[in-house]
1. Can you tell me which residue in region 194-213 is modelled with the highest pLDDT, limited to those that are of a type in the set (Phe, Trp, Tyr) and open to solvent by 70 Å² or more (accessible area, probe 1.4 Å)?
2. Quick one: how many residues across region 169-181 are in contact (Cβ under 8 Å) with a residue 60 or more places away in the chain and either open to solvent by less than 70 Å² (accessible area, probe 1.4 Å) or under 20 Å from Ala59 (Cβ atoms) (or both)?
3. If I filter region 105-143 down to residues being under 20 Å from Trp23 (Cβ atoms), among the β-branched types (Val, Ile, Thr) and out of contact with any Leu (no Cβ under 6 Å at 6 or more places or on another chain), which single residue comes out as modelled with the lowest pLDDT?
4. Quick test of your reading of the structure: Thr182 fulfils all but one of (1) farther than 16 Å from Trp51 by Cβ; (2) touching a Lys or Arg at 6+ places or on another chain (Cβ under 9 Å); (3) assigned to a helix (DSSP H, G or I). Name the failing condition by number.
Amino acid sequence: MKIWDGFVRIYHWSQVVVLGSLWYTAEEGLMELHFTLAYLLMALLLTRILWGFIGSDTARFSHFLGSPQSVINYLKTSHTNGLHHSKGHNPAGGYMVLALLLLLLVQLVTGLFSNDDILSEGPLAYLVSYDTSGFLTRIHHLNFDLILGFTAVHVIAVIIYRLKGVNLILPMFTGKVDLDETEPKMKHPFKAWIIFAVISVFIYFIWADEVISYLF
């Protein structure tokens, strides 16, 4: 059964690579590349959020975000019957996805107003006072620690599932799992990439001067 469309899978691994690159460029002071990568992540994230409303069944928020009670019931069932593959994100995993998306959104928004007190500042930093920019910069740094924490929990959960005989990594490459259930409806990933292209062009024209100056 196919449970993950092509866009969701590429988004997942692209997010891993881009986040790691953002951390590295910040640590090394490569702020020109850091901002360029941030724009890329912004386009990916906004596309993923829209895909959560119009995309494949398993990509939609309505599919994997249930009530808190559904999470409790899932955890109880898993404790009793063991861990198993779900047709998409399980109830607990769904809230983890939502948390990570929100944290990434906070990271990107605060980055737009941030400054490093030396040479670099976000493209919207001039719109707020120096103190406000400094405050948002601190939030930017603290929020990244939260992202690392949630990512660690996510990785630990994947490892626990693997130790219990459930491979969650392979389906994120192949898109398929062995389940005897009704197959979810998949949307062609080309539609998502069209949305990504439109958003990318929009971001480029908003901050074209900054991107060009950073690259050249």
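1. To start, the set of residues in region 194-213 that are of a type in the set (Phe, Trp, Tyr) comprises 196, 202, 204-205, 207.
Subsequent filtering for residues that are open to solvent by 70 Å² or more (accessible area, probe 1.4 Å) retains 202, 204-205.
Details: Phe202: 89, Tyr204: 83, Phe205: 80.
Top of the filtered list is Phe202.
2. Number of matching residues: 8.
3. Ile118
4. (3)
The values are calculated or read from the model by the stated rules, or taken from the named source; none is laboratory data. Keep in mind it's a predicted model, so treat the numbers as computed, not measured. Neighbour counts run over all protein chains shown; Cβ positions are idealised from the backbone, glycine included. Areas reflect the complete protein model, heavy atoms only, side chains present, ligands, DNA and RNA absent. Shrake-Rupley method; radii C 1.70, N 1.55, O 1.52, S 1.80 Å.
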